[in-house]
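S.K.: Can you read through this structure? Questions will come right after.
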Amino acid sequence: MITHPRTEELAESVRLWIDEIRPTLDPRNAFLARVAANAMATIAREITQGPAAEAAAIAGMAGVLGQEGTYAELNSALCARIRSGELTVETPGLLAALTTMARDQIAIDQPSYKPEGTVRSE
Amino acid sequence: MELDVRAGLEKLAGRLGGEGAKLTEAGRLSGGASMETWAFGFEGKDGPERLILRRRSAPFDEETARSVSLATEAKLIQATGANGARVPKVRHVCDDADGLGEAYVMVRVDGETLGKKIVQDPRFDAVRPSLARQCGESLVAIHKTPPPAGLNLKTVDGVAELDRYEEVYRATGAERPILELAFQYLRKHVPTSVEPTLLHGDFRNGNIMFDPEVGVAAVLDWELAHIGDPAEDMGWICTNSWRFGRPDRPVGGFGEYADLLAGYASAGGRPIELSRVRFWQMLGSLRWGVMCLTMYLSWRDGVTKSVERPMIGRRVSETEADLVVLLEEGL
């Protein structure tokens, strides 16, 4: 892909502009503009962090399932085998793989979110 | 249908305050997708009144399909209030003559509802350590209120709730392994049944008016009231999505489990085990995850085009990040 600008930079420029005009908006639109700015930031993070997260998810799921496949194939297979009761919280490696996937996804969607179990450092 | 709420409030001022009562203020406070809240005031024949109008601004959509009518909400507030619960005073239930659609009016209660403020604002530092206990106490008066007759409230238990949300989840077509695992795990850990009680149904930080001096001032937003396991109301306020950045304080981001449970028991509630609360807390995360999916779908299917909806869809991963930890810890 071209690099001048990169896609994530386009998203970042839109986010900055939204933040700039936010103070001029009525409360409802100011709120929605903040949501829109957050959406642009998510897009930028997905572009930069998404490929590594997906590769890690594929490796993790393939390890648990003992099969190869695309992200979508492995994800479907994993869901089906959890639903059937074949894979449970006791299955070695399952929770570890799911934890990695969850952490990588929250880092894209909402990096400021502090999940259950986060110890406060102050 | 756009409706002129301000004109409706002018008219309402005359109806409630007597002829000649003039509106002194009127402003919209918050915009849920389907519910509006307006603060208004007037100078009536008996002096000034400061009120809140709560009205439905859009027809029921899927994610609110469980909610009760506003008239029912008003009846529940009156019934629980008469039983000693801290709730607002209902001033008027609107009818066709008011031209405001489905709506009711309550006396304004001062305080703060923004969850983040309760959790962070130094104004609440002094009262914060007592809030979890107060929440436990507050629930007792609600749970001990006999449900008013004729309201047709739904009764749910753990299994019914899992069935309902799994059905909604399947209908979305999404494939999320962590949600799948949470469904399977919770089905194996449904608590024994208890005598069902009236529940608030949406008892969480954000729906409670807190006063910096006294603590719980009023329990608001009764639209999800139903009959069920009293631990459900406790589990929901412990769900991490409503801790506003303080996962280390399990009750609403401001308090401890032990204080919530002790407050409940000391006010005469039937003692509840922590594992039961944790079941509903985990189900709370799962339920919020599924709700986030349906809010995305309401955008995809064109029901609403607000940018808010697809971004709420991206909040599913917050529930997944919580669920993997709860699954690891166990109930």
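The values are calculated or read from the model by the stated rules, or taken from the named source; none is laboratory data. All values derive from a computational prediction rather than experimental measurement. Ideal geometry is used to build each Cβ from the backbone, glycine not excepted, and the neighbour counts take in all protein chains shown.
S.K.: Identify the single condition in (1) within 14 Å of chain A (Cβ to nearest Cβ); (2) aromatic (Phe, Trp, Tyr); (3) closer than 20 Å to B:HIS200 by Cα that B:TRP299 does not satisfy, given that it satisfies every other one.
M.R.: Unmet for B:TRP299, out of (1) within 14 Å of chain A (Cβ to nearest Cβ); (2) aromatic (Phe, Trp, Tyr); (3) closer than 20 Å to B:HIS200 by Cα: (3).
S.K.: Please work out which one of (1) surrounded by fewer than 18 Cβ atoms within 10 Å (Cβ to Cβ); (2) within 10 Å of chain B (Cβ to nearest Cβ); (3) on the phi < 0 side of the Ramachandran plot is the condition A:GLU68 fails and give its number.
M.R.: A:GLU68 satisfies every listed condition except (2).
S.K.: Let me ask something additional. Please indicate, with yes or no, whether at least one residue in the stretch A:3-13 is closer than 24 Å to B:ARG309 by Cβ and facing chain B (nearest Cβ under 10 Å).
M.R.: Residues of the stretch A:3-13 that are closer than 24 Å to B:ARG309 by Cβ, as a first pass: A:7-8, A:10-12.
Add one more test, that the residue is facing chain B (nearest Cβ under 10 Å), and what stays is none.
No: the stretch A:3-13 contains no residue that is closer than 24 Å to B:ARG309 by Cβ and facing chain B (nearest Cβ under 10 Å).
S.K.: Any residue in the stretch A:2-19 that is of a type in the set (Lys, Arg) sitting within a Cβ distance under 7 Å of a residue that is surrounded by 15 or more Cβ atoms within 10 Å (Cβ to Cβ) and assigned to a helix (DSSP H, G or I)? List the pairs, counting only those 6 or more apart or interchain.
M.R.: So the pair list comes out as A:ARG15/A:ALA37; A:ARG15/A:MET40; A:ARG15/A:ALA41.
S.K.: Can you pull out every residue in the stretch A:1-31 that is of a type in the set (A, V, I, L, M), closer than 26 Å to A:ASP104 by Cα and either in contact with a Ser or Thr (Cβ under 6 Å, 6 or more places away or on another chain) or at pLDDT 95 or above (or both)?
M.R.: The answer is A:LEU10, A:ALA11, A:VAL14, A:LEU16.
S.K.: Counting just the residues of the stretch B:167-200 that are of a type in the set (Gly, Ala, Ser) and in a loop (DSSP other than H, G, I, E, B), which one comes out nearest to the other protein chains (Cβ to nearest Cβ)?
M.R.: B:ALA174
S.K.: Please list, ordered by first then second residue, the pairs with beta carbon atoms under 9 Å, 6 or more apart or interchain, first in the stretch B:246-273 and closer than 13 Å to B:GLU137 by Cβ, second of a type in the set (Asp, Glu).
M.R.: As it stands, the answer is B:VAL251/B:ASP259; B:LEU261/B:GLU273; B:GLY263/B:GLU137; B:TYR264/B:GLU137; B:SER266/B:GLU137; B:ALA267/B:GLU137; B:GLY269/B:GLU137, since those pairs meet every condition given.
S.K.: Is it true that B:GLN184 is touching a helix residue (DSSP H, G or I) at 6+ places or on another chain (Cβ under 7 Å) and without any contact (Cβ under 8 Å) to a residue 24 or more places away in the chain?
M.R.: Yes; evaluated as a whole, the condition is true for this residue.
S.K.: Ok, one more. Restricting attention to the stretch B:59-72, and to residues there that are modelled with pLDDT of 75 or more and either in a loop (DSSP other than H, G, I, E, B) or surrounded by fewer than 18 Cβ atoms within 10 Å (Cβ to Cβ) (or both), which single residue is nearest to the chain's Cα centre (by Cα)?
M.R.: The selected residue is B:SER67.
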